[in-house]
Amino acid sequence: MKPATLAKTLEEMIQETKKGHLNWLIELQSTDGLADSLKHKIIEEEKEWTVDECFISFNCKFHGKDYLMITYEHIKQCKDQVRSDNLIFLPPLNVRYFDVGILSPYIIDADAVLLDRFHQLWLLVLESYKQKDGHVSFKIFDPYE
């Protein structure tokens, strides 16, 4: 799927979610919140960077079709400097792994518009989950299990 097509589909999904017409299964795996001693460290530009990783899986049925979309954010931090890379994957339903190598054949060329749509969707499903409206199920996975 082309990025522009996916961005348009996400915009429609966002509107349908706001109307309460979509049910979501969100699965999350993140190193955010863990002690720095547990996080991966890398050396770049003669500086030690602490790495956070976050996978979010968005799964719903839209227009009779099952959608599985996985986002990945790789965040490096060194003192007050932060660098972030984002990837988006559209794997088949049976590929629900939080592993960039396994997901790499399903990568989508993400642009700023597409990343923004995913961010909007993320904020919307979080709000829906907080309101306990029954349209969002959440599963959180430990990154070290």
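The values are calculated or read from the model by the stated rules, or taken from the named source; none is laboratory data. What you see is a predicted model, and the numbers here were worked out from it, not measured in a lab. Cβ atoms come from the backbone with ideal geometry, glycine included; neighbour counts cover every protein chain shown. Accessible surface areas use protein heavy atoms only, side chains included; no ligands, DNA or RNA. Shrake-Rupley method; radii C 1.70, N 1.55, O 1.52, S 1.80 Å.
Using θ = phi - 60° and the Karplus form 6.51 cos²θ - 1.76 cosθ + 1.60, what ³J(HN,Hα) does each residue of the range 68-82 get, whole Hz, x for Gly and Pro?
Values, residue by residue: 10, 10, 10, 9, 9, 10, 10, 10, 10, 9, 9, 6, 9, 8, 10 Hz.
Would you tell me the accessible area of Lys47, worked out with a 1.4 angstrom probe on the heavy atoms of the protein chains, in Å² to the nearest 10?
Estimated to the nearest 10 Å², Lys47 gives 70 Å².
Can you spot the lysines whose alpha carbon is less than 17 Å from Lys130's alpha carbon? Ignore those fewer than 8 places along the same chain.
Within the straight-line limit of under 17 Å, Lys130 reaches these lysines: Lys18, Lys19, Lys139.
Checking the a/c ratio against 1.5 first, then a/b against b/c, what shape does the Cα gyration tensor give for the range 37-85?
It is prolate, given that a/c is not under 1.5 and a/b is the larger ratio.
Which of the GluC sites (Glu not before Pro) found in the range 1-83 are loop residues per DSSP with 15 or fewer other Cβ atoms within 10 Å of their Cβ?
Sparse-neighbourhood loop GluC sites (Glu not before Pro): Glu45, Glu46.
Which angle from 0 to 90°, rounded to the nearest 10, does the C-alpha axis of helix 112-130 make with the longest principal axis of the chain?
70 degrees
In the chain, what percent of the accessible surface is made up of carbon and sulfur (1.4 Å probe, ligands and nucleic acids excluded)?
51 percent
Report, in deg cm²/dmol and to the nearest 500, the calculated mean residue ellipticity at 222 nm for the chain, where each DSSP H run with n ≥ 4 adds -39500 (n - 2.57) and the sum is divided by the residue count.
For the chain, the value works out to -8500 deg cm²/dmol.
I need the phi-derived Karplus couplings for the range 83-98: 6.51 cos²θ - 1.76 cosθ + 1.60, θ = phi - 60°, integer Hz, Gly and Pro marked x.
Couplings: 10, 9, 10, 10, 10, 10, 10, 10, x, x, 4, 8, 10, 10, 9, 9 Hz.
For the range 1-133, with the dipole built from +1 on Lys and Arg beta-carbon atoms and -1 on Asp and Glu ones, taken about the Cα centre, which of Leu10, Ile42, Asn23 lies farthest toward the positive end?
Value computed over the given set: Asn23.
Hey, what angle do you get for helix 3-18 against the long axis of the chain, alpha-carbon based, 0 to 90 degrees rounded to 10?
Relative to the chain, helix 3-18 is tipped by roughly 60 degrees.
Probe of 1.4 angstrom, ligands and nucleic acids ignored: what's the accessible area per residue over the chain, in square angstrom?
60 Å²
How large is the dipole of the chain about the Cα centre if only Lys and Arg carry +1 and Asp and Glu carry -1, each at its Cβ, rounded to the nearest 20 debye?
For this selection, approximately 600 debye.
Which whole-number percentage describes the relative contact order of the range 56-135, with Cα contacts under 8 Å and a sequence gap of 6 or more?
With pairs under 8 Å counted, the relative contact order is 18 percent.
Give the Rg/Rh ratio for the range 25-145, taking Rg as the radius of gyration of the Cα atoms and Rh as the Kirkwood radius, to two decimals.
With Rg and the Kirkwood Rh in hand, the quotient comes to 0.99.
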